[in-house]
Amino acid sequence: MTRNMTDPIKQRDGSYAIVIDKAITTPDELKKIAEVMEEFNVNLVKFTESQRMVIIGIDPEKVEEFCKKANVKVAPAIGKGVRSIKFCPGKTLCILGLQDTITMAEKLAKFEGMELPDKMKIAISGCPNSCTEPAVRDIGLMGKKDGFTLYVGGSAGREPRIGRILAENLSIEEAEKLVEKIITFYSKNAKKGQRLWKFIEDISWSEFEVSILG
Ligand code: SF4
C-alpha cells in the first residue's frame, strides 16, 4: 500500500498521530487546537526538534474534520519527498538574525510534500549560529551579513555529513531559484532511494555544480 506523506502515523501503542507545523504561533491558535483536541478526546501532544506538533491519539477517520475545526494542515512528515521546512525566526524576531527566514520559508513552502526519489530535509537559519542546523540538511540556507549561503548534501541521520557550499550571498529570490533547480534536477536524475548526498557523490560534485549553476 502506498503511503502519502501526510498519512496519520501509527504509534507503538496502536494509536495514530498527525504532525502539524507550528514554528511560530499565537495564543489564539494554540487555544483553538487545544479546544478541538478536547472535543475529539485527543490528550497528548509532542513537540519535535523540527518545530512540529505531533498530535497523538487521533482517530484516522477524523483527521480531516479535526484539521478543519482546528484550522491546521497536516505536514508532510513521512515518506520520500520534501518534508516540512524548518526555519528559525530570523531577523524578524531574533536579535541575532541577519536574514529574513520567514519570507524565505514562505517562498519554499510550495515544495513541501513534493514526491522525490528519497526524503529531502530543508532548513533555514537567520544567522551562522544555525539553530535549525542547515549544514546537516539535504538543502540548507544559512543567513549571513550579505545574504544566504546555500549548503547542499548534508545529513544528520544514520550517515551524518556536512553539506557543501554551493553558493553564497544569495537574495531570497536567488536562493528560491537555486533550490528549485536542485529539486528539479534531483527529481529527474536520482535513483529511487538515493538521498541527495549520495546522488551528488555518484555523479560528482563538479557535474552537480555545473548542472545547477551553469
Ligand atoms: S540561527 Fe541565528 S537568527 Fe536564527 S534563532 Fe538562532 S541565533 Fe537567532
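The numbers here are math on the coordinates, done by the rules we state, and not lab data. All figures in this text were calculated on a predicted structure; none of them were measured in a lab. Every residue, glycine as well, gets a Cβ built from its backbone with ideal geometry; the counts of neighbours run over all protein chains shown.
Within the same chain, lysines fewer than 8 places from Lys188 are excluded, and of the rest, those with a Cα less than 24 Å from its Cα are Lys80, Lys107, Lys110, Lys119, Lys121, Lys177, Lys198. Only helical runs count toward this figure. For the chain, summing -39,500 (n - 2.57) over DSSP H runs of n ≥ 4 and dividing by all residues gives -9000 deg cm²/dmol at 222 nm. Once C-alpha pairs closer than 8 Å and six or more residues apart are averaged by separation and normalised to the residue number of region 99-185, the relative contact order reads 22 percent.
Rounded, prolate or oblate: which fits region 9-70, taking a ≥ b ≥ c as square roots of the Cα gyration tensor eigenvalues, rounded meaning a/c under 1.5, else prolate when a/b beats b/c? Judged from the Cα gyration tensor, region 9-70 comes out oblate (a/c at least 1.5, b/c at or above a/b). Short-range pairs are left out: with C-alpha atoms under 8 Å and at least six residues apart, the relative contact order of region 9-70 is 41 percent.
What net charge is computed for the residues neighbouring Asn71, neighbours being all others with C-beta under 9 Å from the C-beta of Asn71, Lys and Arg scored +1, Asp and Glu -1?
Surrounding charge for Asn71 is +3.
Could you tell me the relative contact order of the chain? Use alpha-carbon pairs under 8 Å, at least six residues apart, and round to a whole percent. Each step should come with its number before you reach the end.
Numbers: 441 pairs, mean separation 29.6, N = 214.
About 14 percent, as a whole number.
Over all other residues within a Cβ to Cβ distance under 13 Å of Ser125, the charged ones net out to +2, with Lys and Arg as +1 and Asp and Glu as -1. Compute the Cα gyration tensor for region 86-213, then decide on rounded, prolate or oblate, letting a ≥ b ≥ c be the square roots of its eigenvalues: rounded whenever a/c is under 1.5, prolate when a/b is larger than b/c in the other cases, and oblate in all that remain. Verdict is prolate for region 86-213. Cross-link partners of Lys31 among lysines, defined as those whose alpha carbon lies under 22 angstrom from its own and excluding same-chain residues fewer than eight positions apart: Lys22, Lys46, Lys62, Lys68, Lys69, Lys73. Classify the chain: rounded, prolate or oblate, from the alpha-carbon gyration tensor (a ≥ b ≥ c, eigenvalue square roots; a/c under 1.5 rounded; otherwise prolate if a/b is larger than b/c)? Oblate. Full extension of the segment from Thr25 to Ile95, taken as 0.36 nm per residue of separation minus the current Cα-Cα distance, would add 23.3 nm.
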